[in-house]
Each structure stands twice: as C-alpha cells, then as structure tokens.
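Read-outs: derived from the displayed coordinates by stated rules, not from any lab. Please read these numbers as outputs of a predicted model, since none were measured by experiment. With ideal geometry, Cβ positions are generated from the backbone for all residues, glycine too; neighbour counts draw on all protein chains shown.
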Amino acid sequence: MDADNRLSFACACGTIAGAIHRATPDQGDHVVCHCKDCQALTVFLGVADCILDDAGGTALYQSRCARLEFERGSERLACVHLTDKPTLRWYAICCDTPMFNTYATGRIPYLTTVLANCDAAGCERLGPPLGHLFLEDVTGSTEGLKPLSMATLMRRFLVRMVKDYVSGDRRRTPLFDPKTLQPVAKPRRLTAEQRLALS
C-alpha cells in the first residue's frame, strides 16, 4: 500500500495529472452527489456519460485543500460558476474533464475531487460512500441509495476547516493565490440563459 495513501488523478487526455495526499476515509469524505448543478456541469462539458452513474450521481471525495499536488498541466485548468452560488467548478480545458469543486475563494477551504478521474486503487482505499446527497434530484431509482444530509457533511467538514485555518493550510493550495486567496484562473460565470439550456 502507498505509504502516503495517494489518490492519483488525471484528466481524460492526461495533460493534467497529480494526486491528493493522505486520501483515506478518516481524512476526508467519500460521497455521491446527485444535485442538479453537478449534473449540469457534465452536460456543459459534454461528458455526462463518463462521469455520472445510472442515478445521475457524481462520486466525490472532499478533503483538505493543501493535500492537492499537481505533477503536470495545472496551467490547463479553468473554472466556472454555473449559477450565483459560490461553488467554483474546475475543469481541464484540454479535454473538458471536470476535476474539482471548491468555494469561490480560498477563504473557505475545501477541495472536492471528482473520483471518475482517479486511480482504482486509490478509490478503493476510500471505502464505500458515506451516503448520497440530493436524492430528490436522482434521475433513476433511489432504491438502495443511502441518504446523507448536507448538515451531516458540513459538521464533518467544519473540523477540517478549523485545522486548515489554524495550520495556515488554506494558503497552501495550488488552486488559489496564497496572498489574496483568489483563484489562479479567472472564473467564468454562465448566464441565466446558458444555465437554463443545461436543464
């Protein structure tokens, strides 16, 4: 087993690659999100068949932001706001692969990695998902899907957020400028008309 518990990732064409370090069940949260925005992102990028499961879910791993390391290609990242919500969605402009979700700035530190881009061994170490979010947006049957409330996920996240503030790790992520905490790529924001077209 990898001593560092690396969760390796790469975009579809391999231009962007790297790893999440110390990716284990006790260091982050493996969940499946069925929200309309996660589904819309895959439609926007034209990759729904590669990312979504049969129930319209996206497998994700939420971890501490400073655990992210790029081996190559980070300059090929772009980011987009699908709505007025503060979630920033990062993707590879080389092949339109959705990669990560973060807050709009580094002021609220979290990193959510799309597991469809990650190595099988690393995903296996994460164990089964804690549960499924936004079951009201499931596109198929909800049978057998364990519900997970956002409140439960937030309670788990808050512990990691405090650690990132106290340690200064929120300024040690390659997605945000360490001084300003602004994203390293200029965010694009879809218009209401563009977003509606994805529904």
Label-point gap, in nm, between E136 and L158 - each point 7 angstrom along Cα→Cβ: 2.3
Most mobile of A19, A120, A48 in a GNM of the chain (Cα contacts under 10 Å): A120
If you take the beta carbon distance between R107 and C13 as r and set R0 to 35 Å, what does 1/(1 + (r/R0)^6) give as a FRET efficiency, to the nearest 0.05? 0.65
For the range 7-196, what is the charge dipole size about the Cα centre, in debye to the nearest 20, if Lys and Arg each add +1 at the Cβ and Asp and Glu each add -1 at the Cβ? 940
Residue-span extension gain [K186 to C94] - 0.36 nm each, minus C-alpha spacing: 31.5 nm
Residues V184, V166, V80 in order from fewest to most other beta-carbon atoms within 10 Å are V166, V184, V80
Just checking my list (i) 41; (ii) 50; (iii) 37 against percent of Cα pairs over 24 Å apart computed from this structure; which label fits? (iii)
Length-normalised contact order of the chain in % [C-alpha pairs under 8 Å, at least 6 apart]: 27
